[in-house]
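Worksheet: the structure to be examined is printed underneath.
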Amino acid sequence: MATMVDVARLAHVSLSTVSYALSGARPVSAATKERIEAAMAELDFRPNAMARSLASRRSRTLALIYPVMEATMGGTVAEFVTSAASAARQAGYHLVLWPFGAHQAEEIRDLVQQGMADGVLLMEVCLADARVDVLHAAGVPFTMIGRTARPEGLACVDVDFALTTEEAVAHLAGLGHTRIGFLNHSAASFEDGYGATVRAREGFRRAMLDRGLVPHDVLCDESPAAGRAAMARLLEAEPGLTAVVTMNEVATFGATVELQDRGLRIPQDVSVLSIVTSPGVGAMSNPPLTTMHAPGAELGRLGVQALLGLIEGAAPVADPVLVSCRLEAGESTARVRSGPGPSTLPPASLPAPPT
């Protein structure tokens, strides 16, 4: 494998001159640069990442901000990360994980300004997010995987939670279900204003109310035990429950166990539809879950493309890009069995969050 020493010898220049030509640290005449480039081509010499970074004044690194100490990284998040890393690699960048929490905005800004990354991909975005304010004020290129309450003028891609929850309820209602519950993310995430939790709850309630149905939803920590407890609360709130929508991968497994321990069969007695997840995760349940596949791969690619547009000045900030989840058939939803009439109420404003 050719080295910089080989290039210098073939081009009849010093090693330092080759280094200057690659890094741009000092001016090199056009004729000398041409000889160096010709020698590199003849030797099939490829400068390493550090040299390219020096030449472009960039780190060629994108930072993915995901608070792994505060949130679980399930199969759905892994799809996003894998896609984002692939898109970055194809563009000649590396994707690195920075496990900062939502309260560490200044640390993120300082590292980018020190040249540790050229831009930032923010995940787990809250409706009011200090990281967004700090990075925007500092002029740091960033893209949100999620949305604040007012995302106008900011680069962001996100799940279309309104459309996803509408289609989830429509699927179950089309099977005759009128008593439908929703198992969401944690109360802590709701209180922090985590966009996914808030928007999914609003979307579910709107979809139910628009059909004149009573919405029952619970907030649930990310654990199987919490899923069992949350499922029990739903059944207590609506004893005639025939279907449940879940948006909490880990807790869903506990919820299905609770149903089965109560002698309720899936889907004969209660249908289960898991949204913003993946068929791979759904296949780990018995029976395999019907899912609404989170567009993690698409969002990962779009997020990186939007960020690179900001870094390289190739594209202005566009409107938020929203992508709905896709229904993937499993074995956990079925037509409702005959039973009592539907529980209805007239269309109204969204109920206040339960205490």
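Points to keep in mind about this one:
- Proxy reagent accessibility, fewest Cβ within 10 Å first, across SER274, SER19, SER83: SER19, SER83, SER274
- In Hz, Karplus ³J(HN,Hα) per residue of segment 170-186 (6.51, -1.76, 1.60; θ = phi - 60°; x = Gly, Pro): 4, 4, 6, 5, x, 8, x, 7, 10, 10, 10, x, 9, 9, 9, 6, 6
- HIS103-LEU163 pseudo-label distance in nm [points 7 Å out on the Cα-to-Cβ vector]: 3.7 nm
- Fraction of beta bridges assigned by DSSP in the chain that are antiparallel (%, nearest 5): 15 percent
- Taken over segment 161-293, the alpha-carbon convex hull comes to 92 cubic angstrom per residue.
- Over segment 188-276, relative contact order from alpha-carbon pairs under 8 Å, at least 6 apart, %: 24 percent
- ³J(HN,Hα), Karplus 6.51/-1.76/1.60, whole Hz, each residue of segment 122-137, x for Gly, Pro: 9, 10, 6, 7, 9, 4, 10, 10, 4, 4, 5, 4, 5, 5, 5, 5
- Matching label, Rg/Rh (Cα atoms, Kirkwood Rh) computed from the structure shown, candidates (1) 0.94; (2) 1.13; (3) 0.96: (2)
- Taking other residues whose beta carbon is less than 13 angstrom from the beta carbon of THR252, and scoring Lys, Arg as +1 and Asp, Glu as -1, yields -3.
- Taken about its Cα centre, segment 112-190 carries a charge dipole of roughly 180 debye when the Cβ of each Lys and Arg holds +1 and the Cβ of each Asp and Glu holds -1.
- Dipole orientation for the chain: of the candidates GLN268, LEU111, HIS185, LEU111 has the Cα lying most toward the positive pole (charges on Cβ; Lys, Arg +1; Asp, Glu -1).
Read the figures in this text as sums done on the coordinates, not as results from a lab. Keep in mind it's a predicted model, so treat the numbers as computed, not measured. All Cβ positions, glycine included, derive from the backbone under ideal geometry; neighbour counts span all protein chains shown.
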